[in-house]
Amino acid sequence: MRHSTTVTGDPDTHDDFKPTNKLAGSGLSTQDIVEQDVKENPVMLYMKGVPDAPRCGFSALAVRILNEYSVPISARNILEDPELKNGVKAFSNWPTFPQIFIKGEFIGGSDIILSMHQTGELKEKLKDISANQEKEE
């Protein structure tokens, strides 16, 4: 028995239930989307799942660490779009997820920010983001 959600040309499959590419139709390439995300969001997280519902332990760890600093986290779920997943890998030249960018700079994964958190380096990197948020509120 074979199970699949991607039955091409199946007249019984309604368009609402077919997989979609959320970036398609935006007029931007995947590379453009990633560049825009990283440039416009002080903390950008490409992860499995979303911050409120991570879909892997490493993504959950990254969110937990970043939440310690009360910074706004922008995130994209790479599980929803294989093209985005590959685009992020190509952009950062890093094979695994989650991937964390802070102020436009690729930092790494959850293991790297955990180490930075433990040494105080992450606090230093995020301090002006937290301070900017307090001023805006």
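The values are calculated or read from the model by the stated rules, or taken from the named source; none is laboratory data. The model shown is predicted, which means the values in this text are computed figures rather than measured ones. No Cβ is skipped: glycine too gets one built from the backbone with ideal geometry, and neighbour counts run over all protein chains shown. Please note that ligands, DNA and RNA were not included when accessible areas were found on the heavy atoms of the full protein model with its side chains. Shrake-Rupley method; radii C 1.70, N 1.55, O 1.52, S 1.80 Å.
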Inset, instruction - Inspect all residues belonging to region 113-136 and state whether any of them is in contact with a helix residue (DSSP H, G or I) (Cβ under 8 Å, 6 or more places away or on another chain) and in a loop (DSSP other than H, G, I, E, B). - result: no
Inset, instruction - May I ask you to list the residues in region 95-109 that are open to solvent by less than 10 Å² (accessible area, probe 1.4 Å) and touching a residue at least 60 places away in the same chain (Cβ under 8 Å)? - result: Phe101, Ile102
Legend entry - Single unsatisfied condition, Val71 versus (1) of a type outside the set (S, T, N, Q); (2) assigned to a helix (DSSP H, G or I); (3) touching a strand residue (DSSP E or B) at 6+ places or on another chain (Cβ under 7 Å); (4) under 23 Å from His117 (Cβ atoms): (2)
Inset, instruction - Considering only residues that are open to solvent by 30 Å² or more (accessible area, probe 1.4 Å) and closer than 16 Å to Lys103 by Cα, look in region 68-83 and name the one that is nearest to the chain's Cα centre (by Cα). - result: Ala75
Inset, instruction - Go through region 54-67 and count every residue that is open to solvent by 20 Å² or more (accessible area, probe 1.4 Å) and either modelled with pLDDT under 95 or in a helix (DSSP H, G or I) (or both). - result: 6
Inset, instruction - Exactly one condition in (1) surrounded by 16 or more Cβ atoms within 10 Å (Cβ to Cβ); (2) at pLDDT below 95 is not met by Ile113; state its number. - result: (2)
Inset, instruction - Scan region 39-60 and report the pairs whose first residue is over 10 Å from Ser74 (Cα atoms) and among the hydrophobic types (A, V, I, L, M, F, W, C) and whose second residue is open to solvent by less than 70 Å² (accessible area, probe 1.4 Å) and assigned to a helix (DSSP H, G or I), with Cβ atoms within less than 7 Å and a gap of 6+ or a chain change. - result: Met47/Ser59; Met47/Ala62; Met47/Ile78; Phe58/Ser110
Inset, instruction - Starting from region 64-83, keep only residues that are among the polar types (S, T, N, Q), then list their pairs with residues that are open to solvent by less than 40 Å² (accessible area, probe 1.4 Å) and assigned to a helix (DSSP H, G or I) whose Cβ atoms are within a distance under 8 Å, requiring at least 6 positions of separation or different chains. - result: Ser70/Ser130; Ser74/Asp37
